[in-house]
Amino acid sequence: MGLARSRLIALFGILGWSAFASRAWAGKNDLELLNLCPRAPSVLANGVAECSWVHRRADGWITGPVVPDAQGREDFRSLMSELGVVLAPHVPMVADNLGISGFQLSAELGLTEISHNQRFWNGVAGVSPNNPTATRPDAMLTTVGAFVRKGLWLPVPTIELGVGVVHLLDSQLLAWQSYAKLAIHEGFHDWPIPSFALRGAVSYLTGTDQVRMTITSFDLLVSKGFGLLKTARVEPFAGWSLISIFAYGGRIDATPSCDAPQVAATPTGGVAPNPDCASSQNGTTNDFEANFSFPDQNVITRYRVFAGFKLKFAIVFFAAQYEAVFAGSSQDGSSANARDRSATQSAISLSSGLDF
């Protein structure tokens, strides 16, 4: 038992180190939402293509605020929908609670399918905006997580709480998660009656300033346990979920290679500080007009069905789950009426740890 405990502690140490060291590992799955803007030839002297939502006069002066077009708003909503499913709370657990004295430590691995060839997945760092078909994101995104769960007596006798963190590999993205599970019916293990539970969970995204995202799930679970060779216990489970994704755009610079404060400090009539700026902007705050945000989204809703099993031997357990999240179709409610074009996503979740 001491060996199992030490191995689990080592695993948690590795997960924690990889998650918190990820700030130095900015990778291909980090958000780069400016990539959702198609490139067009620039009127600047260098002729380099820039975001087509930036409108300039012939002398390079930006003529007004940058506003994402209808396609850009739809791509943003669709990307937030599929990324939200990747980082949503998964459910590799049974309906029965841990009990008043129960305590669980677990490590989790998730593999979630995405529509990696769709244009809305251009919005990650691994895709080149000038040649978006050259390199695409992986078809499955991988997450690792660590969780602590505890059964409680209060406020009701059948409550279970859990907290944890999930890290999207090849990125700085962390999703901080918590949940509460209420067992509606449990404990009749010798009768042919399943257990039922309700679970509410929340996931809060950190690691990017380009979007603020909160994901919630409301889950219905059913499970039934069976003894296995009088030494172990296997418990199949299944259920249904409503996933709600709340996404709010952060400030993005549509001309990142031109430093607006530097341009403002450059004397008028002189040479632009670099070829990605226009000399007509010298001494002005005009380049700040290139800062923009994607519109805040009405709630994005997705529906999920899942099934799996938990296998327990002594205090060691292993759980596996398959889920299918149906294609999105919600709209943002704006005049552009941007629609969620996400596809059906499948996911596999594996969890292992100790039940005390």
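The values are calculated or read from the model by the stated rules, or taken from the named source; none is laboratory data. As the structure is a prediction and not an experimental result, all values here were calculated from the model. Reconstructed Cβ throughout: ideal geometry from the backbone, glycine too, with neighbour counts over all protein chains shown. What goes into the accessible areas is simple: the full protein's heavy atoms, side chains included, and nothing from ligands, DNA or RNA. Shrake-Rupley method; radii C 1.70, N 1.55, O 1.52, S 1.80 Å.
Here are the numbers for the structure shown:
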quantity: Residues of the chain: accessible area per residue with a 1.4 Å probe, Å²; calculated: 45
quantity: Two-decimal Rg/Rh across segment 206-288, once Rg and the Kirkwood Rh are taken from alpha-carbon atoms; calculated: 1.54
quantity: Between helix 70-87 and the chain: long-axis angle, C-alpha atoms, 0 to 90°, nearest 10; calculated: 30
quantity: P(r) of segment 137-184 over all Cα-Cα pairs, binned every 5 Å from zero, in whole percent; calculated: 5, 18, 22, 15, 13, 11, 8, 6, 2, 0
quantity: Compactness of segment 235-356, expressed as Rg and Dmax over alpha-carbon positions, Å; calculated: 25.3, 78
quantity: Range of Cα positions in segment 98-243 per principal axis (Å), largest first; calculated: 63, 34, 26
quantity: Percent accessible area from carbon and sulfur atoms, segment 220-307, protein chains only, probe 1.4 Å; calculated: 63
quantity: Cross-link partners of Lys224 among lysines (Cα-Cα below 27 Å; sequence separation of 8 or more within a chain); calculated: Lys150, Lys181, Lys310, Lys312
quantity: CD proxy at 222 nm, helix term only [per DSSP H run n ≥ 4: -39500 (n - 2.57); per residue of the chain; nearest 500]; calculated: -4000 deg cm²/dmol
quantity: Cubic angstrom per residue, convex hull over Cα atoms of the chain; calculated: 148
quantity: Over segment 46-110: Kirkwood hydrodynamic radius from C-alpha pairwise inverse distances, Å; calculated: 17.3
quantity: Gap separating the Cα centres of segment 157-184 and segment 190-231, nearest whole Å; calculated: 9
quantity: Whole-angstrom gap from segment 293-327 to segment 87-140, using each part's C-alpha centre; calculated: 10
quantity: Along principal axes, Cα extents of segment 161-302, largest first, whole Å; calculated: 87, 32, 20
quantity: Sites matching chymotrypsin sites (Phe, Trp or Tyr not before Pro) across segment 184-264 that sit in DSSP coil, with at most 14 neighbouring C-beta atoms within 10 Å; calculated: Phe188
quantity: Value of relative contact order over the chain, rounded to a whole percent, pairs C-alpha under 8 Å and six or more apart; calculated: 20
